[in-house]
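To start, the structure under review is shown below, and the notes come after it.
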């Protein structure tokens, strides 16, 4: 588990990003179009991002399964 979690929110882009480390990484698509995984060179999840945060339904949570598979 990460010692620290960093959360960024950009209201103009309506974008939320959560990172578990400052290590370099790249983004990978998930089954949900609104969610991207941030992975390191070995394919480990080091964060995630959510697009269109303000449009999420208040009565229904956004769910996604993050996977370390490449």
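The values are calculated or read from the model by the stated rules, or taken from the named source; none is laboratory data. These numbers were taken from a predicted model, which means no experiment stands behind them. Positions of Cβ are backbone-derived with ideal geometry, glycine not excepted, and every protein chain shown enters the neighbour counts.
Tabulated values for the structure
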| item | result |
| --- | --- |
| Residues of segment 33-44 classified as closer than 13 Å to residue 21 by Cβ and either at pLDDT below 75 or under 9 Å from the mean Cα position of the chain (by Cα) (or both), total | 1 |
| Qualifying residue in segment 51-61 (condition: assigned to a strand (DSSP E or B) and at pLDDT 85 or above) | yes |
| Total residues in segment 12-35, condition touching a helix residue (DSSP H, G or I) at 6+ places or on another chain (Cβ under 6 Å) and either over 11 Å from residue 53 (Cα atoms) or without any contact (Cβ under 8 Å) to a residue 40 or more places away in the chain (or both) | 1 |
